[in-house]
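These notes concern the structure reproduced below.
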Amino acid sequence: MKNETKKKILLSAILIIAIAALATVWFIFKPKGNNYDKKITVEVIYQDKTSDEYIIKTNAEFLRGAIEECKDLEVTGDESEYGLYIKKVNGVTADYNVDQSFWAVTINGEQSNYGIDSLVIEDGGHYELVYTISEW
């Protein structure tokens, strides 16, 4: 009887190890869903009216965070107490001091009252960075 009990214990141990190994493999290789809660479009409209469009999946709350997550979109500028003042998008500089140009932020073609640091994004939103020359 002692041999039979040892066999049962050994088989039980092997079964437990096999289940643990399979569970570990499943957790490592299980399909990974995304956890993005927003999908937005950022369109860059250049001075010559050509444009580039970027689809960004993000959990960011503000437009700047979403833009920073997009590796293909380069936005730089000067930091201020109000946030980032955009000076360059994808290598194209807008300089108000030179020709009264600037990068405007619009939502579905309408001027935004907020900069990219404080503009709250919504799922399905369409945001534009538009090269603009002031008429003032």
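Values for this structure:
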{"read-out": "Over the chain: helical MRE at 222 nm, DSSP H runs n ≥ 4 each giving -39500 (n - 2.57), nearest 500", "value": "-9000 deg cm²/dmol"}
{"read-out": "Two-decimal Rg to Rh for the stretch 36-103 - Kirkwood Rh, Cα set", "value": "0.99"}
{"read-out": "Sequence of Ser112, Ser80 when ordered by accessible area, the most exposed leading, probe 1.4 angstrom", "value": "Ser80, Ser112"}
{"read-out": "Area accessible to solvent at Glu68, 1.4 Å probe radius, in Å²", "value": "120 Å²"}
{"read-out": "Correct option for Rg/Rh (Cα atoms, Kirkwood Rh) [calculated from the coordinates] among [x] 1.18; [y] 1.45; [z] 1.04", "value": "[y]"}
{"read-out": "Chain lengthening between Ile55 and Ala104 when straightened (0.36 nm per residue, less Cα-Cα)", "value": "15.7 nm"}
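The values are calculated or read from the model by the stated rules, or taken from the named source; none is laboratory data. No experiment lies behind these values; they were computed from the predicted model shown. Only protein heavy atoms, including side chains, enter the accessible area calculation; ligands, DNA and RNA are left aside. Shrake-Rupley method; radii C 1.70, N 1.55, O 1.52, S 1.80 Å.
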